[in-house]
1. Take the residues of the range 104-140 that are in contact (Cβ under 8 Å) with a residue 40 or more places away in the chain and crowded, with 16+ Cβ neighbours inside 10 Å: which is nearest to the chain's Cα centre (by Cα)?
2. Mind checking which pairs have a first residue in the range 64-84 that is within 22 Å of ILE124 (Cβ to Cβ) and a second that is of a type in the set (Gly, Ala, Ser) and surrounded by fewer than 17 Cβ atoms within 10 Å (Cβ to Cβ), Cβ under 6 Å, 6 or more apart or different chains?
3. Just wondering, is there one or more residues in the range 141-153 that are touching a residue at least 12 places away in the same chain (Cβ under 8 Å), more than 24 Å from PHE82 (Cβ to Cβ), surrounded by 11 or more Cβ atoms within 10 Å (Cβ to Cβ) and touching a strand residue (DSSP E or B) at 6+ places or on another chain (Cβ under 8 Å)?
4. State all residues of the range 131-159 that are in a strand (DSSP E or B) and at pLDDT below 95; if no residue qualifies, say none.
5. Does TYR81 fit the bill of being surrounded by 12 or more Cβ atoms within 10 Å (Cβ to Cβ) and under 15 Å from ARG129 (Cα atoms)?
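The values are calculated or read from the model by the stated rules, or taken from the named source; none is laboratory data. Bear in mind that the values here come from a model prediction, so they are computed numbers and not experimental data. Positions of Cβ are generated from backbone atoms using ideal geometry, with glycine treated the same way; all protein chains shown enter the neighbour counts.
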Amino acid sequence: MPINKMSITKRSSKLSRLAIALCLSAISISIVSCSDTETWDAMPERVAGFVSTYFPALKVDTYSSHGNTQTVQIHNGPTLYFDSQSDWIKLDGNGVPLPSILATDLLPSPFLNYLQGLGAMDDIIIMQRTYPVFTVTLSTSTITFDDQSGEIKYVIADS
């Protein structure tokens, strides 16, 4: 059976293009990985631990530190703010509800119980802490909790 030189040339041309595409993809992935690795390396250990605990499958776009505030921007996700001791001070879902595990793990029990009673756990868009006051913004209201007095207040309640 004779070998068709044309089919060999077409096949090797396709293989060459595929090999080039795979190499370019690998280079792109490694550049993104290096950038992501550099971002992770820039974060203090406690901030990186927080991000990897609560947002393990998401990519970090940026980390920055300005004055006493550190900021982490999750790709297509929330913006996280930390103080100079790497404690969270604000978790902003940027209009999208935050994972309820954040409230479960980070809010004082009386406030958490109150929010659970409201059925608001899947509606928390922003959590903020200015000790002793914890503030939670829902889609229709903002509620504060004073950890020292135990007082709960609605700051804003839309009709």
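1. The qualifying residue nearest to the chain's Cα centre (by Cα) is ARG129.
2. What qualifies is THR71/SER64.
3. Among the residues of the range 141-153, at least one is touching a residue at least 12 places away in the same chain (Cβ under 8 Å), more than 24 Å from PHE82 (Cβ to Cβ), surrounded by 11 or more Cβ atoms within 10 Å (Cβ to Cβ) and touching a strand residue (DSSP E or B) at 6+ places or on another chain (Cβ under 8 Å), which makes the answer yes.
4. SER141, TYR154, VAL155, ILE156, ALA157
5. yes
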